[in-house]
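Input: a single structure, listed below in structure tokens.
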Amino acid sequence: RWTREVIAWFAARPHLKLVIRAHPAERWIGAKCAVFMGEVARAAAGGAPNLFVIGSEENVNTFSLIPYARAGLAWLSSAGVEFVVRGLPAVVAASPKYAGLGIVEEPASREDYFAALERLAAAPTRPTPTQVAQGKRYLHMVFKGFSFEAMGRNYRATGCVLGAMPNQAEHDRFYRILVGDEPMPDVAAP
């Protein structure tokens, strides 16, 4: 539904362009995927000249598109953070793991979401140095320095929500240690 609404919004504004990149993981999980977003997007775009769809099966690096974009839109993937650390403002439509960290724009309603698109279309702004730094910290923590506990039968960290963990103070301290804002417990501060 979100994809269709965003496409309709852009289709009604032919002076704006939208490149839709279906998540490349769709091709890897193929048989498990009930709906392929590239197919949904192509159908919704209906051949509109200002809309371009890149399917999950296409060999295109999503991040190679960033130099040509004014803003990045994501549902909830880490792409939102990836856009920001590469200097592109990002708006997310759902609640990603990095929600509430001030990295991306997180509209509270459908109306706020489309107002953000209007604002970015009129005058795109670059992410602030604070957003970029926070994004880099998040990416470092998730992909380099932190191992989520494997929970449940599927071994996914689905219960991990940054900023809202049961032992949040300990998580926050661990994060500060990982990114170097606090010394290791067994190392004296300089």
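The values are calculated or read from the model by the stated rules, or taken from the named source; none is laboratory data. If you're wondering where the values come from, they're calculated on a predicted model, not measured in any experiment. Glycine gets a Cβ as well: all are built from the backbone with ideal geometry, and neighbour counts include every protein chain shown. The area values use the complete protein model at the heavy-atom level, side chains included, leaving out ligands, DNA and RNA. Shrake-Rupley method; radii C 1.70, N 1.55, O 1.52, S 1.80 Å.
Search segment 1-23 for residues being part of a helix (DSSP H, G or I) and open to solvent by 40 Å² or more (accessible area, probe 1.4 Å), and hand back the single one that is modelled with the lowest pLDDT.
W2
Can you find a residue that is in a strand (DSSP E or B) and touching a Phe, Trp or Tyr at 6+ places or on another chain (Cβ under 6 Å) anywhere in segment 24-47? Spell out how you get there, then give the answer.
Applying the first criterion (in a strand (DSSP E or B)) to segment 24-47 yields none.
No, the conditions are met nowhere in segment 24-47.
Every residue in segment 76-104 that is open to solvent by 60 Å² or more (accessible area, probe 1.4 Å) and in contact with a strand residue (DSSP E or B) (Cβ under 7 Å, 6 or more places away or on another chain), please.
Listed by number, the list holds a single entry, L76.
Can you tell me which residue is nearest to H140 (Cα to Cα) among those in segment 95-126 that are touching a helix residue (DSSP H, G or I) at 6+ places or on another chain (Cβ under 8 Å) and either assigned to a helix (DSSP H, G or I) or without any contact (Cβ under 8 Å) to a residue 24 or more places away in the chain (or both)?
So the residue we want is P96.
Using beta carbons and a limit of 6 Å, which pairs, at least six apart or on different chains, have the first residue in segment 50-67 and in a loop (DSSP other than H, G, I, E, B) and the second one open to solvent by less than 30 Å² (accessible area, probe 1.4 Å) and hydrophobic (A, V, I, L, M, F, W, C)?
Correct list of pairs: G55/A22; S56/A22; V60/I54.
Would you say E26 is on the phi < 0 side of the Ramachandran plot, in contact with a helix residue (DSSP H, G or I) (Cβ under 8 Å, 6 or more places away or on another chain) and acidic (D, E)?
So E26 passes the test.
Scan T158, T130 and give me the residue that is open to solvent by 80 Å² or more (accessible area, probe 1.4 Å), part of a helix (DSSP H, G or I) and at pLDDT 55 or above.
T130
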